[in-house]
Amino acid sequence: KREIIHDENMNIQGKWGFDVEGMDRSVRPQDDFFRHANGGWMERTEIPPDEAKWGSFYILNRETDEHVRELFEEKKGARALSDEERKVLAYYESAMDMDRRNALGDKPLAPWREQIDSLSSADDFTTYFAKAAKVGLPAEPWGAHIGQDEKDAENNVLYLFQSGLGMPDREYYLSDSPETVRVREAYRAHIARLFTLAGKSDEEARANVEILMDVETRLAKVSMTKEDTRFPEKTYHKMTLEELREYAPGFSWQSYFDLLDLPVSEGLIVSQPDFLKEAAALFGSLPLTHWKTYLEFHLINGAAKALSEPFVEEYFAFYGKTLSGQKELKPLWRRAVASTEGALRDAVGKMFVERHFT
């Protein structure tokens, strides 16, 4: 429990402790400790309609969003701004400019869709993957990041891991439980609507649904279960580049790493080898047109939140309402704050610290 009060210097004053009023003492702790500790709070607390979950950290996040928004608005009227601050404000204001976003529709994606349409060889795909990765666009069906080597803390290393699915987990593709079937059918409808919004005919959109679901289901079948991903020993497989090329042939790994200027001379970590092997093999077994459909959808889907209102609303209808149970879309200013923080995290953090910390 906290009662926050700020003095004139923005120093926090207040009381801290455990909120006994949030307990439900009618429930014995040995029967349901969570309900015993939190039942009172749960009974009298409603999840706000624009949130999927609620609790102390979500309250804190909302408060912080308000402080960041106030900071951005203050900076708009400042006479002298640093280059970082100008970049932050330009990003925020572009996110807030829904009139321009609506006027543009999906036009900002046109150069990338043209590149996808022109792909005609495996080498072309490798080049596209590298170009897209450099600007943060979804492309290849795996993910990559550089982080601390889990078994050699003195060094950083490249990790490759399974990714590439439009739904959160493999079970949404493979299970026949009522809930996963419900979500899967909603996802199929989402795919069709996004393609239609992006200019495809109804017939083309329906055909693309089948192609995309085929590719993603193949990837889901070789994806590691979420339970297995929690075991560090199952997700640490160190390989040299040559070992990766032998284990997962079918993709130009050398060219891919060279184009991205990724350091792999000391080896890399493959988190899910079976997935990577099958994903690489699919480049030789599936028609290139299927991969082009896959890339086009993930380009549109990945950018939908930054496009015009019809794209934003469609993205929310599936990922917000269907998957998360969120009833309302967050207001534009909160989405703009979140997007700006995501793209320019360090710059926003610096501005926040200068404003709110001594």
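Give the accessible surface of the chain per residue, rounded to a whole number of Å², with probe radius 1.4 Å and ligands, DNA and RNA excluded. Could you put the intermediate results ahead of the total?
Working: 20290 Å² over 358 residues.
Counting only protein heavy atoms, the per-residue value for the chain is 57 Å².
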Could you name the lysines whose alpha carbon sits less than 20 Å from that of residue 330, not counting residues in the same chain fewer than 8 places away? 53, 305, 321
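Give the peptides 126-137, 37-48 in descending order of average Cβ contacts within 10 Å, highest first.
Values: 126-137: 16.6, 37-48: 13.9.
Listed from highest to lowest mean packing, they are 126-137, 37-48.
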Between helix 122-134 and the chain, what is the angle of the helix's C-alpha long axis to the longest principal axis, kept within 0 to 90° and rounded to the nearest 10? 20 degrees
What are the ³J(HN,Hα) values, in whole Hz, obtained from phi via the Karplus relation 6.51 cos²θ - 1.76 cosθ + 1.60 with θ = phi - 60°, for each residue of the range 336-349 in sequence order, with x given for Gly and Pro? 5, 4, 4, 5, 5, 4, x, 7, 10, 4, 5, 5, 5, x
Can you give me the pair-distance distribution of the range 82-124, C-alpha pairs, 5 Å bins, whole percents? 5, 18, 14, 14, 14, 13, 10, 9, 2
Please list the three semi-axes, largest first and in whole Å, of the ellipsoid equivalent to the range 46-98, using sqrt of 5 times the eigenvalues of its alpha carbon gyration tensor. 28, 13, 8
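For the range 144-196, what does the alpha-carbon gyration tensor say about shape, rounded, prolate or oblate, given a ≥ b ≥ c as the root eigenvalues, a/c under 1.5 as rounded, and a/b over b/c as prolate?
Details: a/c = 6.12, a/b = 2.39, b/c = 2.56.
Oblate.
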Compute the angle between helix 33-44 and the longest alpha-carbon principal axis of the chain, please, reported from 0 to 90 degrees and rounded to the nearest 10. 70 degrees
Karplus 3J(HN,Hα) series, Hz, for the range 102-116 with 6.51 cos²θ - 1.76 cosθ + 1.60 (x for Gly, Pro): 5, 5, 7, x, 9, 4, x, 8, 4, x, 6, 5, 5, 4, 4
From the square roots a ≥ b ≥ c of the eigenvalues of the alpha-carbon gyration tensor of the range 166-286, which class results: rounded (a/c under 1.5), prolate (a/b over b/c), or oblate? oblate
Kirkwood Rh in Å, taken over the range 78-190 so that all alpha-carbon pairs contribute: 18.7 Å
Against the longest principal axis of the chain, how steep is helix 273-285, in degrees 0 to 90 to the nearest 10, with axes from Cα atoms? 50 degrees
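For the range 42-136, which whole-number percentage of the solvent-accessible area (1.4 Å probe, protein heavy atoms only) is attributable to carbon and sulfur atoms?
Exposed carbon and sulfur together represent 50 percent of the surface.
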Among the aspartates and glutamates, select those whose C-alpha is under 13 Å from the C-alpha of residue 200, and discard any that sit fewer than 8 residues away in the same chain. 106, 296
Cα-based Rg then Dmax for the range 174-213, in Å, read 11.1, 34
Expressed to one decimal in nm², the mean projection of the alpha carbon convex hull of the chain is 23.2 nm²
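Multiplying the sequence separation of residue 163 and residue 58 by 0.36 nm and subtracting their Cα-Cα distance, what value in nm do you get?
Values: separation 105, 0.36 × 105 = 37.80 nm, distance 2.69 nm.
Gain on extension, residue 163 to residue 58, equals 35.1 nm.
Can you check what the Kirkwood hydrodynamic radius comes to for the range 267-341, Cα pairs only, in Å to one decimal?
In the range 267-341 this quantity evaluates to 15.3 Å.
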Tell me, what % of the accessible area of the range 213-332 is carbon and sulfur with a 1.4 angstrom probe? 50 percent
Within straight cross-link reach of residue 131, meaning Cα distance under 16 Å, which lysines are found once same-chain residues fewer than 8 apart are removed? 292
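The values are calculated or read from the model by the stated rules, or taken from the named source; none is laboratory data. Keep in mind that this is a model prediction, so the values were computed, not measured. In this analysis, Cβ positions are derived from the backbone assuming ideal geometry, glycine residues included, and neighbour counts consider all displayed protein chains. To get the accessible areas, we keep the full protein, side chains included, count just its heavy atoms, and leave off ligands, DNA and RNA. Shrake-Rupley method; radii C 1.70, N 1.55, O 1.52, S 1.80 Å.
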